[in-house]
Amino acid sequence: MPAAIPPAIEVSGVTRRFGKLEAVKDLTFTAEQGRVTALVGPNGCGKSTLMLMLTALLAPNQGNIRVCGYDPLTQSEEVRRRIGWMPDQFGTWDNLTVREVLTTVGATYFLDRDDCRQRAEMLLELLDLSSLADESAHVLSRGQKQRLGLARALIHEPEVLVLDEPASGLDPASRRNLRRLVRQFAEQGGSVLISSHILSELEEMADAVVMMEHGTCVAQRQVRELAESSTLWRFSGLHEGMLREALSSLGAEPEKFVPIADSITGEAEAYVTVRDLRHAALLLQRLAEKDVQLVGSGPAHGRLESAFLKDSADREKGAL
């Protein structure tokens, strides 16, 4: 039997305190090799603190971390050699050009000078920064700095990417390119841990999701599994009475119904909880057979957002 492939990232019972505040509390999860793992949670839940510990920039108070089998606390050089880190706030050296930023970072990893220059040019082209290569880095816009930050994280050909809010400030075309690059990196055997408040972006990139609240992991799932979870589905039609009557006859009473007069779209909107995608497809088929003048249907929220909101609501109910 072939040996099992070890996880790219292993976090076990990790806690990090700042004074009396526990930013991360008994956190445990794994991120598999060759996959994109999304880190989801509200502001202040410990995502950035976790990433600083993964990248050997902050030590945990307790617990164990392994990145490609190495401990960031005791084997920081091995970890930094294998990890590409893109923080939320990207600082620049005001006296360096965009190209010089990349070659300088490459030099800190002891890359061969010629290889480093070639890789810098490739990344400038890949991230649409070639026209800015000789500009001072400090004049870049927020989105341009984000792209340079990603190029900087990739300069030494890491095995693992840790990306904190990489889509922040990016225009639609750059976001699409980011999704493509992240998926390509994973398909070529790399591993990605990525956080973002734009859950729809993560849903298009991620294979797995780790949900955090109050510094700990409250759920870890495969994104494909979310298709089998109940979610709120929106059905819109041109005749509100027919839509109401049809849903009632099918035993699918809406949790919320927006009449045409109150709808921004000029359509009646019914919001129904469906058990899974098969149930949604069957309900759509039955409504079409009743000729209720449907003009649209789809999830009211993305799968990641729905799962996170549902889990949060379930935990609040359990605490009452």
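Between residue 214 and residue 81, what FRET efficiency comes out of the Förster formula 1/(1 + (r/R0)^6) with R0 = 25 Å and r the beta carbon distance, rounded to 0.05?
Numbers: r = 33 Å, r/R0 = 1.32.
The pair residue 81/residue 214 has a calculated efficiency of 0.15.
In the Gaussian network model of the chain, springs joining C-alpha atoms below 10 Å, which of 58, 21, 238 carries the largest mean-square fluctuation?
Comparing 58, 21, 238 in a Gaussian network model of the chain, the most mobile one is 21.
Please report the carbon-and-sulfur percent of the accessible area for the chain; probe 1.4 Å, protein heavy atoms only, DNA, RNA and ligands left out.
Numbers: 7980 of 16340 Å².
Ligands and nucleic acids excluded, carbon and sulfur give 49 percent.
If you rank 264, 65 by how much accessible surface each has, with a 1.4 Å probe, what is the order from largest down?
Details: 264 175, 65 10 Å².
Of 264, 65, the descending order of accessible area is 264, 65.
Cross-link partners among aspartates and glutamates for residue 290, C-alpha distance below 18 Å, same-chain residues fewer than 8 apart left out?
Counting by Cα, and skipping residues close in sequence, residue 290 has these aspartates and glutamates nearby: 240, 245, 253, 267, 269.
Using the Cα centre of the chain as the reference point, and only Cβ charges (+1 on K/R, -1 on D/E), how large is the resulting charge dipole? Debye, rounded to the nearest 20. Could you put the intermediate results ahead of the total?
Working: 36 positive and 45 negative charges, 94 e Å.
Dipole size: approximately 440 debye.
Could you check the simple spin-label distance between residue 62 and residue 135, using points 7 Å along Cα→Cβ, in nm with one decimal?
5.0
What's the center-to-center distance, using Cα atoms, between region 195-231 and region 35-81 in Å?
Result: 19 Å between the Cα centres.
Work out from phi, with θ = phi - 60° and the Karplus expression 6.51 cos²θ - 1.76 cosθ + 1.60, the ³J(HN,Hα) of each residue of region 107-122, listed in order in whole Hz, and give x for Gly and Pro.
So the Karplus estimates, Gly and Pro as x, are 5, 5, 9, 6, 6, 4, 4, 5, 4, 5, 5, 5, 5, 4, 5, 5 Hz.
Excluding ligands, DNA and RNA, what is the solvent-accessible area per residue of the chain at a probe of 1.4 Å, expressed in Å²?
Working: 16340 Å² over 320 residues.
On a per-residue basis, the chain sits at 51 Å².
Just to be sure I understand: with springs between alpha-carbon atoms less than 10 Å apart, which residue in 287, 232, 123 has the highest mean-square fluctuation in the Gaussian network model of the chain?
Largest GNM mean-square fluctuation: 287.
Taking θ as phi - 60°, what are the ³J(HN,Hα) couplings along region 239-251 by the Karplus curve (6.51, -1.76, 1.60), each to the nearest whole Hz, with x for Gly and Pro?
After applying 6.51 cos²θ - 1.76 cosθ + 1.60, I find 10, 5, x, 5, 5, 4, 5, 5, 5, 4, 5, 8, x Hz.
Roughly speaking, what is the centre-to-centre gap between region 84-151 and region 260-305 when only Cα atoms are used, to the nearest Å?
So the two Cα centres are separated by 46 Å.
Determine the order of 57, 181 by accessible area, beginning with the largest, at a probe radius of 1.4 Å. Kindly include the intermediate steps, with their values, before the conclusion.
Values: 57 95, 181 20 Å².
I get 57, 181, largest accessible area first.
Work out from phi, with θ = phi - 60° and the Karplus expression 6.51 cos²θ - 1.76 cosθ + 1.60, the ³J(HN,Hα) of each residue of region 8-15, listed in order in whole Hz, and give x for Gly and Pro.
Going residue by residue, I get 6, 10, 10, 10, 9, x, 7, 10 Hz, with x marking Gly and Pro.
What does the helix-only formula give at 222 nm for the chain: each DSSP H stretch with n ≥ 4 adding -39500 (n - 2.57), the total divided by the residues, and the result rounded to the nearest 500 deg cm²/dmol?
Working: 10 runs with 116 residues, N = 320.
Helices in the chain give a 222 nm mean residue ellipticity of -11000 deg cm²/dmol.
The values are calculated or read from the model by the stated rules, or taken from the named source; none is laboratory data. All values derive from a computational prediction rather than experimental measurement. Here Cβ is always computed from backbone atoms with ideal geometry, including for glycine, and neighbour counts include all displayed protein chains. Remember, those area values only see protein heavy atoms, side chains included, never the ligands or the DNA or RNA. Shrake-Rupley method; radii C 1.70, N 1.55, O 1.52, S 1.80 Å.
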